[in-house]
Each structure stands twice: as C-alpha cells, then as structure tokens.
Amino acid sequence: MKKTHAYFFVLLILVTTYINKSYSQAKSTTSAIHGRILSTDNAPVKDVLVQLRQATDKKLLKMEYTDSTGNFRFDKIPDGNYQLTTQSMLFIPYESATFRHEGITRLAAISLQLQSKQLKEATVTANKPFVQQQYDKTVINVASSISAAGSTALEVLEKSPGITIDQNDNIAMRGRQGVLVMIDGKQVPMSGQELATMLRSMSANQIETIDLITNPSSKYDAAGNAGIIDIRLKKGNKSGTNGNISLSYGQGKYPKVNPALTFNSKYHRLNIFGAYNYNYRQELNALTIYRQFYNADNQYTGGTNYDNRFRFNAGSHNARIGADYNISKNIVAGFVVNGIFNNMRIFTNSPAQSLDAAGQPAGTFITTGTNTPRRNNRSINFNYKQTLDTSGRQLTADLDYARFNASQAQYYTTRFFDNHQLESKNPYELFGDLQGDLSIRSLKADYTQPLKALGARLDAGVKSSWVKTDNDVRFFDRSNGGNVLDKGKSNQFIYKENINAAYINVAKKWKRWDTQLGLRVENTNADGLQVTDSTAFTRHYTQLFPSGYLGYAINADNDLGITVSRRIERPSYRQLNPFKIFLDPYTYEAGNPYLLPELTTSTELTYTFKQQYTAKIGYSRTKDNIIEVLSPDTVVGSVIQTGRNLAVYDYYNMSVSFPVNIAKWLSSTNTVLVFYGRYKGNLVNTHLDVSRVAVELNSVNTVTINPLTSLEITGSYNSRSYYGFLDVKGYWFMNIGAQRQLWNRKASVKLNVSDIFLTNQTNAVTRLTGYGESFRQRRDTRVMTLTFNYRFGGNGGNNNARKTGGAEEEKRRAG
C-alpha cells in the first residue's frame, strides 16, 4: 500500500499540472474580492474584521475576518461600486475609497496603524460573538466568552449549541452520537469516558475556537457520522515575545484550580511557541438507579435500588511546545510536541437494596472502593508547507507519532446484609490491575492546484495511519485472604489497525453558482487477538466516501446551499475490547469485538440571509448504528453494558440560527434545533421501533455596560428524546458571567457562575425484554469561578501562517 500511495500522489500532481497548463490562457469566471491587511511594518495581521459596503448608501453587505496570513476574501459579489471598512481592538479603523468591482478584484494591501495609547477605549468596538454560523460549520469563539473562563474543554462543549453529553460521557451533536473529535485538525483516538477524561484535563483558557462541522468535505477523515468537533488551540505568532498568564479558582461543592501560561517568541525566521496548563479539580457524581427484572411472561421477579456516590480528585499537567522556521519566503517547516499527564483518584460508595418479587426488601449490599487511573498521552508532529507559486499551488505534509499509556489500580469491597443489617455472607474483595498502551503513527500529504482556465481549484492528498493497542487487564479475588486470579474478568486484548486513504476535491465558482465535488477512498485492515482464549478476528475492506456541495447566490443577501456526503463510524478501541470492567458485583461493562462500523448517508439544505441568519434542513440514514445497551447478564440480578449494532437509524433535522441586536448595549445569538430520530432493529431479544420529535435551544446574550465592562448570560434547553432503548427526559441550565478589562486592556477579571439553578441533570428510563431501569444523575455543575488574565509582550504584527499538523486549515465549502 505504501507504493500505491506514492504512485497515486505523483499521478495526481502530474494530471492536475497538465490540466492547469492546458487551460492557463483562458479567462477565469470567478467572482470575488481579495485583499490583505498588513501592519505598518508590513507584517500580516489576523482577526481584523473587514466589512464590505455598498458605495452608494454604505449598506453593509458582508463581513469576514482576516486569516493568519492577513488575507480576506468576499465571494459571489455582483459587479458594482463598493467600499471597505475595518474594525480591530489593536488598530485604528480604516475606510477605503470607492472602488469598482468586476469579476475578480484584487485590492492593494491595506496598512493599519496601531491604536495610540491616548485613544479612548470607546473607539474599540469589534468583538467576535460567542457563536458564528457558517455554511459548513458553527464556530464557537471560546476566547471571547466570559462564561467559558476557568471551565474545561468538556464544559465549554456542553454549553455549545447542538452539543449534549450523556451520563456515560458520550458526546452527541444535534441529537446524534458518532462524533469525531480533533485537536488542531488531528484526530483524538479516544471516545466515551476516556475522551471525557482528556477533555476535562484541558483548560478553556488554552482554546481559541471550536469548529462544529456537520458535513465535512472529503479532505477530512471519513470517520464521524454526526460530524466533527475540531478544537483549535491558541497560537501566538506576533513579533517579539508575547504571551498570556491566567489563574482561575472555582468553587462548587468542591474546589477547582487552573493556572495556565501561553507564550510565543518570534525573531526573524524562527518562531517558538508553547503552553502549559495545570488543572486540579474535585468532582461529584451522584447516580441513583432502580432496576427491574422480568421473566419470560413479563412478570416482575425482583429489582435493585442503587444510591451511588463517586467523588473524583483529579490533577493534570497539559504542556505543548513547538517551533516554526521559515526556510525561505515560500517554505515553512516546524514541529509540535504535546503532553497530557493525568492522575485521578475515584472514591466509590454505592449502597444498594435488593427487592424480591413482591417488591419488598430482600437485603442490602454496599460496595466501597478506590480507583486510581493514570493517563500519560504524548505526541509529536513534524510539518512542512511550501507555496509553489503565486497562483495558489501549495504542498503540505505531516508526520505524526503519538503514545497513550494508561494504568489503573482498582480496590473494591462489597459487604452483604440481610434485612436486620446482619452480614449474610462473607465480603467480596476484588483487586484490578489494568494496563493499556496505544501507539499511533501517521503520514499525510496534501496538494492544492488552481485550475485557472476553469475558474476552479483542485485539492488532493493521501494519508496512512498505523495503530496498535495492547490492553492487559487482571482481576484478583482477595475475599479469602489470598490473591486468586479471576479468569472470568481477566484478559489481554491486542488490536492492530492500518487505514490508507486518498482523496480528490474539485471546487468551481461562477457568478452566482459554486460547487464542490469530492471522493475519498479508505482501505481498512484490522486484526484483533484475545490472548486468554486465543480468539482472533481479521477484517479487510475498502470503501468509497463521496461528498458534494452546490451553492447558489440568489442576490447579495440570500444564499442557498446543499451538501451530500457518506461517512463511517468505526468502533472505538475500547468498544472492541471484549473483557469485562467491574463496577460492582452485579454491574459490568464489556466491549464487543464483533461490532461492525456504522455507515451514514446524509444530505442538508442551508439558507443564509445577510451572512448572519442561517436555516438548515437535513436527513440522514445510518446502518448498523452502534448504541450502548444495558441488558441482563448470565448471573441472576446482574447487568452488562456493551455496544451493539442496530439495523437502522433515520434522522431528520431542522435548525435556525439568528443574532438579535436589541440595542447598542444588548446583543443575542440564538440557535433552535428540531430533530426527529427513529431507531429500528432487533437487539437482545427485543424489537425496537421508537421515535420522537425533540427540541434543543441555545441562547448567548451579551450586555455591554461600558467599553470595559460586560455581562454574558447563556441558557440551554434540551427536550425529551430517545437514544436507542433510553428514554431521556428534558433538562435545562443557565450560566451568567461578568468581565472587566484592566490596565489598558492588558488584563481582565472574569467572574461566572455555571448552572445557576442546579438543573443540569440527567433522568432516563429504559425497557427491553427481561429488564427495565430508571436512573437520575447529578454532578457538581453549579460552580462560581473567578479568573484573572494578563497579556504580556508587545503588539507586533503577525508572521506567516503556521501549521499545526493533520488537516491544518479549515476551508469553507463556498471558498
């Protein structure tokens, strides 16, 4: 496969180069306005708000932010006379002279002057909203959020529109699970509780933006049926030495402390950057469960009432350091090293009452214990970017290596009592030694070729990844004073996976129409070995993943677009791992090595008004949908949770996003999602056919008291919905925060309170043949957090773009 990739990549370059030369003399029909923003020292400036206005009445038509190279672009602009204006916190506002636009207009570079220290703060008016809607994604501007200060990455996601997190820490986007999470364009090879633990160790102070991508192009990995969450970390790249120091202290039922540092130092061709974050948190998870068991005649045979309490003490170190070097004007090479070291101690206290067939108490049992998971995650990326000429030809490459080590010691003791609180049998003592190792290697190359004669652009690339995971779990029964290996719970599972992929994308624009067509092919090779009983499986398959976009500009204010794509969601390594994870003597979690990947075909229609108001309607069908199922185990009164494939899941959705500027001092960004999901199939001797219309609401409201002081109020509501057999009740929560700028905006103080009314709780019921359950989960979600931020260093202009690996730059479907 390595040679095949090399031949494929070379062939793509030769073909696209030939096409470009064949048509290089023809006239382009693309309609766009291009420009670039520079500082007075000719350095590119990013994040400047550029506004395009009609010259006659100064009416605002479109807004864009400059990218890391200082460039901006307005697409699908009718011929006419226009003006540009800019807004920035650091630079004096600019207004251009009237210019004539026909076809393609390339403006001369605009030079901005830094704000003078004597200027009043009232002149600074440009702030990014917390939520920005774009054609193919929703952008969460975490750095501009007051309520995000002092939070973890997981908590910020929970506040984001369309994102929900269930009681097992599974992340869903717009009512659908199967989300691919990335950091700086690089896939995070974890899911469920493992992923949640990693995201809890990441401070929101490290995050610049979060992209919620619902219909990715073929440039992205085909994984992620529900879409992609791409967490973009802060990247300093100003001249000189700059950085940010922050300290957060939060108090809920338990304390949370989070100091953080980010910095960059750029001189001439070399830019060194880094970040460090320490996160100490104490958390609470209160989980009450009522289980019911039934016989073949659907008669109640007994049950169990649980009142679980889990307390978490977690400390994590999160560090990142890297460098970029401009080998020449057109070549940049660099590396990034990341490390996350997470130590946790979980204290368990789970009293439970057994019930007989008449619903009367039949005794109690109490499980207490300590669990000490440790996670050491390290990765390194080498990246290369070369601009081949001024037409836009570009070559990028990434080489990545990552290592994830996990160790976990579990100590559990269960004592059994009769109705008179006398011990009915000897205590059950269990010790678990869980060791895991995961290594990932990947190689990726991307090539961009403008097709000038066609007014189009071609993107192509190849990627190969190699994954090996080795999990060795051993449980020992210490009930009789010995240390006896429990072969029923112990096992070693080795899994190897190789995925080879190639893609091609072609994008074309006309005056009113634009389109993008892509095709991705992925070849998967997987081998699994269960060492204890020598059970093995092998899978080899190759699949095609087409994607497409068609857009139409009705006029300057109204745009329509439709996307179609096919995607895959492979089982996580944890879901494939067949051994049991002990929770208490009657509760287990186990993987399923026979899980099949789920495949989804989806389409979505998007309408945008004035680049601000967005409405979407979509449909998708998922086959072999993977869901977590609770069902009776072989031991009477016991339950096992494992992943299973459901035949079909049909999903319909409609969403509306609209900002509202009620007054100069009050603005609001709101998102409404209505979706209908239907699960159909047969699992664990039960026919499942359930459906429901559900609603999700999200509102972010900003109150500007004065140029230095502002408030932020956010609220979310999720109505009752289904997830497979689970019937999840509705819930809502509200957060409020305040911010004050200090010392000529070099520092700020933020105070926020999350989940003010302590309503962010999960309540659900499930019912299938032979079993039923209802549960309620409460966490330490009402937290008051005080955060202090200080920016040090100068306000030098930005340098050339720096890439951080993987699929580094998000490109809008329309651009």
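The single residue among 107, 154 that is out of contact with any Ser or Thr (no Cβ under 6 Å at 6 or more places or on another chain) and either modelled with pLDDT under 80 or closer than 30 Å to residue 286 by Cα (or both) turns out to be 154.
Residues checked against (1) part of a strand (DSSP E or B); (2) touching an Asp or Glu at 6+ places or on another chain (Cβ under 6 Å); (3) within 30 Å of residue 413 (Cβ to Cβ):
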| position | (1), (2), (3) |
| --- | --- |
| 458 | yes, no, no |
| 461 | yes, yes, no |
| 470 | yes, yes, yes |
| 487 | no, no, yes |
| 504 | yes, no, no |
| 518 | yes, no, no |
| 522 | yes, no, no |
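Tell me yes or no: at least one residue of region 422-429 is assigned by TED's automatic domain parsing to the domain that holds residue 395, among the basic types (Lys, Arg), crowded, with 16+ Cβ neighbours inside 10 Å and over 35 Å from the mean Cα position of the chain (by Cα). The answer is no; no qualifying residue exists.
For region 231-262, the tally of residues that are free of Cβ contacts under 8 Å to residues at least 60 places away in the same chain and part of a strand (DSSP E or B) stands at 7.
Within region 656-698, the set of residues being among the β-branched types (Val, Ile, Thr), on the phi < 0 side of the Ramachandran plot and more than 30 Å from the chain's Cα centre (by Cα) comprises 662, 686.
When you scan region 77-84, do you find a residue that is in a strand (DSSP E or B), among the hydroxyl-bearing types (Ser, Thr, Tyr), more than 15 Å from residue 109 (Cα to Cα) and at pLDDT 85 or above, even just one? Within region 77-84, one or more residues are in a strand (DSSP E or B), among the hydroxyl-bearing types (Ser, Thr, Tyr), more than 15 Å from residue 109 (Cα to Cα) and at pLDDT 85 or above. Within the set 637, 618, 643, the sole residue that is of a type in the set (Gly, Ala, Ser), surrounded by 15 or more Cβ atoms within 10 Å (Cβ to Cβ) and either outside the structural domain of residue 765 (by TED's automatic domain parsing) or part of a loop (DSSP other than H, G, I, E, B) (or both) turns out to be 637.
Would you check if there is a residue in region 397-408 being in the same structural domain as residue 328 (by TED's automatic domain parsing), in a strand (DSSP E or B), among the small types (Gly, Ala, Ser) and under 30 Å from residue 488 (Cα atoms)? Yes. I'd like the full set of residues that are hydroxyl-bearing (Ser, Thr, Tyr), in contact with a Phe, Trp or Tyr (Cβ under 9 Å, 6 or more places away or on another chain) and either under 17 Å from residue 591 (Cα atoms) or in contact (Cβ under 8 Å) with a residue 40 or more places away in the chain (or both), limited to region 510-546. Scanning region 510-546 gives 524, 532.
Determine whether residue 718 is at pLDDT 90 or above and touching an Asp or Glu at 6+ places or on another chain (Cβ under 8 Å). For residue 718, the condition - at pLDDT 90 or above and touching an Asp or Glu at 6+ places or on another chain (Cβ under 8 Å) - is met.
What's the total number of residues in region 646-673 that are under 30 Å from residue 609 (Cα atoms) and surrounded by fewer than 19 Cβ atoms within 10 Å (Cβ to Cβ)? Counting residues in region 646-673 that are under 30 Å from residue 609 (Cα atoms) and surrounded by fewer than 19 Cβ atoms within 10 Å (Cβ to Cβ) gives 17. Can you pull out the residues in region 612-638 that are touching a strand residue (DSSP E or B) at 6+ places or on another chain (Cβ under 7 Å) and of a type in the set (A, V, I, L, M, F, W, C)? If the condition is that a residue be touching a strand residue (DSSP E or B) at 6+ places or on another chain (Cβ under 7 Å) and of a type in the set (A, V, I, L, M, F, W, C), then 615, 617, 626, 627, 629, 630 are the ones that fit. Looking at 458, 438, just one residue is under 30 Å from residue 518 (Cα atoms), touching a residue at least 12 places away in the same chain (Cβ under 8 Å) and of a type in the set (A, V, I, L, M, F, W, C), and that residue is 458. A single member of 462, 467, 484, 531 is out of contact with any Gly (no Cβ under 7 Å at 6 or more places or on another chain) and modelled with pLDDT under 90, and it is 531.
Out of curiosity, is residue 682 within 24 Å of residue 177 (Cβ to Cβ), modelled with pLDDT under 95 and in a strand (DSSP E or B)? Here the answer is yes, as residue 682 does meet what is asked. When the residues of region 765-788 are filtered to those that are at negative phi, part of a loop (DSSP other than H, G, I, E, B) and not polar (S, T, N, Q), which remaining residue is surrounded by the fewest Cβ atoms within 10 Å (Cβ to Cβ)? Among them, the one singled out is 782. For region 702-759, a residue qualifies if it is of a type in the set (Val, Ile, Thr), in contact with a Phe, Trp or Tyr (Cβ under 7 Å, 6 or more places away or on another chain) and part of a loop (DSSP other than H, G, I, E, B), and exactly one does: 759. The condition of being in a strand (DSSP E or B), among the acidic types (Asp, Glu) and within 27 Å of residue 489 (Cα to Cα) holds for only one of 433, 446, that being 433.
Candidates 352, 357: the one that is small (Gly, Ala, Ser), assigned by TED's automatic domain parsing to the domain that holds residue 415, over 33 Å from the mean Cα position of the chain (by Cα) and surrounded by 20 or more Cβ atoms within 10 Å (Cβ to Cβ) is 352.
Do we find that residue 582 is in contact (Cβ under 8 Å) with a residue 40 or more places away in the chain, among the aromatic types (Phe, Trp, Tyr) and surrounded by fewer than 18 Cβ atoms within 10 Å (Cβ to Cβ) in this structure? It is false that residue 582 is in contact (Cβ under 8 Å) with a residue 40 or more places away in the chain, among the aromatic types (Phe, Trp, Tyr) and surrounded by fewer than 18 Cβ atoms within 10 Å (Cβ to Cβ). Within the set 418, 398, 356, 389, the sole residue that is closer than 26 Å to residue 276 by Cβ and among the acidic types (Asp, Glu) turns out to be 398.
Is one or more of the residues making up region 547-563 surrounded by fewer than 17 Cβ atoms within 10 Å (Cβ to Cβ), among the hydroxyl-bearing types (Ser, Thr, Tyr), in a strand (DSSP E or B) and without any contact (Cβ under 8 Å) to a residue 60 or more places away in the chain? The answer is yes, given that some residue of region 547-563 is surrounded by fewer than 17 Cβ atoms within 10 Å (Cβ to Cβ), among the hydroxyl-bearing types (Ser, Thr, Tyr), in a strand (DSSP E or B) and without any contact (Cβ under 8 Å) to a residue 60 or more places away in the chain.
For residue 526, the test of being more than 30 Å from residue 415 (Cβ to Cβ), buried (at least 18 other Cβ atoms within 10 Å of the Cβ) and assigned by TED's automatic domain parsing to the domain that holds residue 569 is passed.
Being hydroxyl-bearing (Ser, Thr, Tyr) and more than 25 Å from residue 432 (Cβ to Cβ) is the filter here, so list the residues in region 579-600 that pass it. Hit for region 579-600 is 600, nothing else.
For region 356-375, the criterion of a residue being farther than 30 Å from residue 488 by Cβ, assigned to a strand (DSSP E or B), in contact with a Leu (Cβ under 9 Å, 6 or more places away or on another chain) and touching a residue at least 12 places away in the same chain (Cβ under 8 Å) is satisfied by no position. The residues of region 679-708 include none that are touching an Asp or Glu at 6+ places or on another chain (Cβ under 6 Å), closer than 28 Å to residue 725 by Cα and buried (at least 16 other Cβ atoms within 10 Å of the Cβ).
The values are calculated or read from the model by the stated rules, or taken from the named source; none is laboratory data. Owing to the predicted nature of the structure, the values given are computational and were not obtained by experimental measurement. Note: ideal-geometry Cβ built from the backbone for every residue, glycine included; neighbour counts use all protein chains shown.
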